[in-house]
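**Student:** Below is a structure I'd like to ask you about.
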Amino acid sequence: MLTFRRFTLIFLIILPGLNLWILLAARGTGGFPLCQALVLNGLLVAGYLGISFAMAFLPCSNFHHPVICRGRTGEKSVSITFDDGPDPVKTPVILEVLKKHGARATFFCIGGNLAGNETLLKKMIAEGHLPGNHSFSHSRWFDLFSADKIRAELLETDRMISEITGKTPCFFRPPFGVVNPMVSRALKNMHWQAVCWDIRSFDTMNPDPQKIKHKILRRLQPGSIILLHDATTFTAHHLDELLSAIADAGYKVVPLDSLLKLPAYAG
Ligand SMILES: [Zn+2]
């Protein structure tokens, strides 16, 4: 598997190799081809930076950090994950629908949304759902934060969840699904397991519910992890229909810890 570390190693081998090749090729010509050398070195460095940057948006490649995007199971079990909540209006609707279907889900909470929604979080846990960490601010600049700042955000969200529920979550969903070297460094030697998805619903984009449902059903397979958002009106309105369709397809919705066979809580 190509990881950032290996990729950097290859780059560091190729870079002096390229310059040695330029030097040898220029032997006997009476001078070093500075312009060509600068262009070739520039292209190589740009390629290295460009690929490293692009891979941050493909978390399932495990390029920058190990990320789970699907469970390994032969059983027709899938997990539904809700990001960006809790929301005082829509999350309770979603909890009722989940209860009706006997489905247990995972809620990746934004720490900044927890104040005032403590009872909602307790209700979530009491009804068998799992909390996950989805940063504290979910800032649009999150991907530019330093590793220390990212870690501080995650610890703060952990602290709030732990204060409310007595439990510290292990599952972490990177905001925007971006996993870069700073995120990787923030997670290193900590208890968090990064979890993304293999089915993205795009439910935040005011979509056609039938299209979304069919897209999810088409891509559904044993171990799938579906990304939804509990702060959207769409999800609150159409979850019932979606869960019925998933059940009709013979799939059972289970929380992440049972799908992945990993602990949901630290300690
Ligand atoms: Zn999010």
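**Student:** What's the number of the condition Phe108 fails, among (1) closer than 22 Å to Met160 by Cα; (2) out of contact with any strand residue (DSSP E or B) (no Cβ under 6 Å at 6 or more places or on another chain)?
**Tutor:** (2)
**Student:** Name the single residue that is nearest to Ile80 (Cα to Cα) among those in region 214-256 being surrounded by 21 or more Cβ atoms within 10 Å (Cβ to Cβ) and of a type in the set (S, T, N, Q).
**Tutor:** Across region 214-256, the extreme among qualifying residues is Ser224.
**Student:** Now, a different point. Limited to region 118-139, what total is found for residues that are surrounded by fewer than 19 Cβ atoms within 10 Å (Cβ to Cβ), assigned to a loop (DSSP other than H, G, I, E, B) and away from the ligand (no atom under 12 Å from the Cβ)?
**Tutor:** 2
**Student:** Now, a different point. Mind checking whether some residue in region 114-123 is of a type in the set (A, V, I, L, M, F, W, C) and in contact (Cβ under 8 Å) with a residue 60 or more places away in the chain? Before you say what the answer is, go through the steps one by one.
**Tutor:** In the first step, residues of region 114-123 are kept if they are of a type in the set (A, V, I, L, M, F, W, C); the result is 114-115, 120-121.
Going one step further and asking which of them are in contact (Cβ under 8 Å) with a residue 60 or more places away in the chain, we end up with none.
For region 114-123, residues of a type in the set (A, V, I, L, M, F, W, C) and in contact (Cβ under 8 Å) with a residue 60 or more places away in the chain: absent.
**Student:** Could you say which residue among Lys261, Lys215 is at positive phi, out of contact with any helix residue (DSSP H, G or I) (no Cβ under 9 Å at 6 or more places or on another chain) and not small (Gly, Ala, Ser)? If you could, list the steps in order and put the result at the bottom.
**Tutor:** Details: Lys215 fails: at positive phi.
Just a single option satisfies the conditions, and that option is Lys261.
**Student:** Let me ask something else about it. Give just the number: which of (1) under 19 Å from the mean Cα position of the chain (by Cα); (2) away from the ligand (no atom under 16 Å from the Cβ); (3) part of a helix (DSSP H, G or I) does Gly112 not satisfy?
**Tutor:** Evaluating Gly112 over (1) under 19 Å from the mean Cα position of the chain (by Cα); (2) away from the ligand (no atom under 16 Å from the Cβ); (3) part of a helix (DSSP H, G or I) leaves (2) as the failure.
**Student:** Restricting to region 4-27, name every residue that is over 16 Å from Leu43 (Cα atoms) and touching a Pro at 6+ places or on another chain (Cβ under 9 Å).
**Tutor:** Of everything in region 4-27, those that are over 16 Å from Leu43 (Cα atoms) and touching a Pro at 6+ places or on another chain (Cβ under 9 Å) turn out to be Phe4, Ala25, Ala26.
**Student:** Looking at (1) surrounded by 14 or more Cβ atoms within 10 Å (Cβ to Cβ); (2) touching a helix residue (DSSP H, G or I) at 6+ places or on another chain (Cβ under 7 Å), which is the only condition Ser146 fails?
**Tutor:** The one condition Ser146 does not meet is (1).
**Student:** Sort through Arg72, Arg27, Arg6 and tell me the only one that's within 30 Å of Ser224 (Cα to Cα) and without any contact (Cβ under 8 Å) to a residue 60 or more places away in the chain.
**Tutor:** Arg6
**Student:** For region 169-209, name all the residues that are of a type in the set (Val, Ile, Thr) and modelled with pLDDT of 95 or more.
**Tutor:** Those that are of a type in the set (Val, Ile, Thr) and modelled with pLDDT of 95 or more: Val178, Val179, Val183, Val195, Ile199.
**Student:** With the condition kept exactly as written, say whether any residue in region 39-48 is surrounded by 13 or more Cβ atoms within 10 Å (Cβ to Cβ), within 16 Å of the ligand (Cβ to nearest atom) and part of a helix (DSSP H, G or I). Steps first, answer last, please.
**Tutor:** So in region 39-48, the residues surrounded by 13 or more Cβ atoms within 10 Å (Cβ to Cβ) come out as 40-41, 44, 48.
Now restrict to residues that are within 16 Å of the ligand (Cβ to nearest atom): none.
No, region 39-48 contains no residue that is surrounded by 13 or more Cβ atoms within 10 Å (Cβ to Cβ), within 16 Å of the ligand (Cβ to nearest atom) and part of a helix (DSSP H, G or I).
**Student:** Checking Phe202 against (1) more than 16 Å from the ligand (Cβ to nearest atom); (2) closer than 18 Å to Phe108 by Cα; (3) surrounded by fewer than 16 Cβ atoms within 10 Å (Cβ to Cβ), only one condition comes out false. Which one?
**Tutor:** Failing condition for Phe202: (1).
**Student:** Quick check on region 55-75. Is at least one of its residues within 23 Å of the chain's Cα centre (by Cα), within 16 Å of the ligand (Cβ to nearest atom), under 16 Å from Pro255 (Cα atoms) and outside the structural domain of Phe142 (by TED's automatic domain parsing)?
**Tutor:** Yes, because at least one residue in region 55-75 is within 23 Å of the chain's Cα centre (by Cα), within 16 Å of the ligand (Cβ to nearest atom), under 16 Å from Pro255 (Cα atoms) and outside the structural domain of Phe142 (by TED's automatic domain parsing).
The values are calculated or read from the model by the stated rules, or taken from the named source; none is laboratory data. These numbers were taken from a predicted model, which means no experiment stands behind them. All Cβ positions, even for glycine, are placed from backbone atoms using ideal geometry, and neighbour counts span all protein chains on display.
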